[in-house]
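Below is one structure; the comments refer to it alone.
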Amino acid sequence: MDSDVAVRLARVRARVAAAALSVGRDPAEVDVLLAVKTQPAGVVRTAIEAGARLLGHNRAQELVATAPLLVDLTAAHGVETHFIGHLQSNKVGHVLPWVTCVQTVDSPALAARLDRVAARSERVLEVFVQVNTSAEATKNGVPPQEALALTYAVGAAEHLRLRGLMTIGANSPDAAVVRDSFEHLAMLRSAVLTSGAPGTAGARELSMGMSGDLEHAVAAGSTMVRVGSAVFGPRPQR
Ligand SMILES: *Cc1c(COP(=O)(O)O)cnc(C)c1O
């Protein structure tokens, strides 16, 4: 089981590298974040020991339950923990102590709340703006036509630092549709970077691509893939 995680993580890194090289990109431009939802702390520990340096949590409750068990290990290895699930405003205060980055900012109200809570602890929180590039009703994220305005609001917030944009690719068997959603996010990033809006000049990152579609995401410019089942195996049905 333990060695499985290490072997699968190595396989994911090899997939990312091959995908990058096939489009003339440097594999070092693409980070791998492990989506650890539903995984017990022991399994996350194994992944860190196998070299994982970026963790993503979806659920506030799970984060708050497992992060304290791993705090020694994450600190020793410089592991970054991100929040990658839908974040309700009333959970912000519980989540922030355990993360350096929230990837799922999808409304001006959430941005304002994160800014206020970060200010209270005199810190700067890294964030991504999540965009619903596929327009699927089941997905969170700001609609693409509102994405630029939200990046400007985040850029103007004193205690937030905009790292880039995040999306979940279209859920489609048609590769062209999946690629469209990733290319759309890359176009939006160009618009942000050329906007000249305060606080947006560093927003170079694209968090996109998961176990099933990371090749398409890397081809479209992903700088961070978020991988769960390819490393941990299929999730139990909830
Ligand atoms: C679970 C999850 C992932 C990883 O998905 P897999 O298909 O298991 O690789 C990536 N991003 C988010 C937001 C997730 O919730």
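The values are calculated or read from the model by the stated rules, or taken from the named source; none is laboratory data. Note that this is a predicted model, so its numbers are computed, not measured. Glycine gets a Cβ as well: all are built from the backbone with ideal geometry, and neighbour counts include every protein chain shown. Keep in mind that these areas ignore ligands, DNA and RNA; they rest on the heavy atoms of the full protein, side chains included. Shrake-Rupley method; radii C 1.70, N 1.55, O 1.52, S 1.80 Å.
Here the Gaussian network model covers the chain, with springs between Cα atoms less than 10 Å apart; of ASN171, ASN140, ASN132, ASN171 fluctuates the most. Using heavy atoms of the protein chains and a probe of 1.4 Å, the accessible area assigned to ASP72 is about 130 Å². The separation of the range 193-224 from the range 83-150, counted between C-alpha centres, amounts to 16 Å. Residues SER3, SER222 ordered from highest to lowest accessible area at a 1.4 Å probe: SER3, SER222. The GluC sites (Glu not before Pro) of the range 41-136 that DSSP puts in a loop, and whose beta carbon has at most 15 other beta carbons within 10 Å, are GLU122, GLU136.
Could you tell me the relative contact order of the chain? Use alpha-carbon pairs under 8 Å, at least six residues apart, and round to a whole percent. Don't jump to the answer; show the numbers that get you there.
Values: 447 pairs, mean separation 45.1, N = 238.
19 percent.
Label sites at GLN88 and ALA137, each approximated as a point 7 angstrom past Cα along Cα to Cβ, lie 2.2 nm apart. Using a probe of 1.4 angstrom and keeping all protein chains present, the accessible surface of the chain works out to 45 square angstrom per residue. Using a/c under 1.5 as the rounded threshold, could you call the range 8-166 rounded, prolate or oblate? The axes a ≥ b ≥ c are square roots of the C-alpha gyration tensor eigenvalues, and prolate needs a/b larger than b/c, oblate otherwise. Because a/c hits 1.5 or more and a/b fails to exceed b/c, the range 8-166 counts as oblate.
Each Lys or Arg adds one and each Asp or Glu takes one away; over the other residues whose Cβ falls under 10 Å from the Cβ of ARG59, this sums to +1.
May I ask you to derive the relative contact order of the range 161-229, considering only C-alpha pairs under 8 Å and at least 6 residues apart, and to give it as an integer percent?
RCO, the range 161-229: 34 percent.
Sequentially through the range 11-20, phi angles give Karplus couplings (6.51, -1.76, 1.60; θ = phi - 60°) of 5, 5, 4, 5, 4, 4, 5, 5, 5, 5 Hz, Gly and Pro residues having no value and appearing as x. Think of the range 157-207 as having a plus end and a minus end, set by charges on the Cβ of Lys, Arg, Asp and Glu; of ALA197, ALA186, LEU165, ALA197 sits farthest toward the positive end of this dipole.
Using a probe radius of 1.4 angstrom, the carbon and sulfur fraction of the accessible surface of the range 68-156 is 54%.
Given +1 at the Cβ of Lys and Arg, -1 at the Cβ of Asp and Glu and no other charges, the dipole of the chain around its Cα centre is 340 debye to the nearest 20. What is the range 87-173 by shape, rounded, prolate or oblate, if you read a ≥ b ≥ c off the alpha carbon gyration tensor as root eigenvalues and call it rounded for a/c under 1.5, prolate for a/b larger than b/c, and oblate otherwise? Taking the square roots of the gyration eigenvalues as a ≥ b ≥ c, the range 87-173 is prolate. With unit charges on the beta carbons (Lys and Arg positive, Asp and Glu negative) and the dipole taken about the Cα centre of the range 24-99, which residue among LEU70, THR46, LEU87 sits farthest to the positive side? Working it through, the farthest residue towards the positive pole turns out to be LEU87.
Per-residue surface analysis assigns HIS86 an accessible area of about 100 Å², computed on protein heavy atoms at 1.4 Å probe radius.
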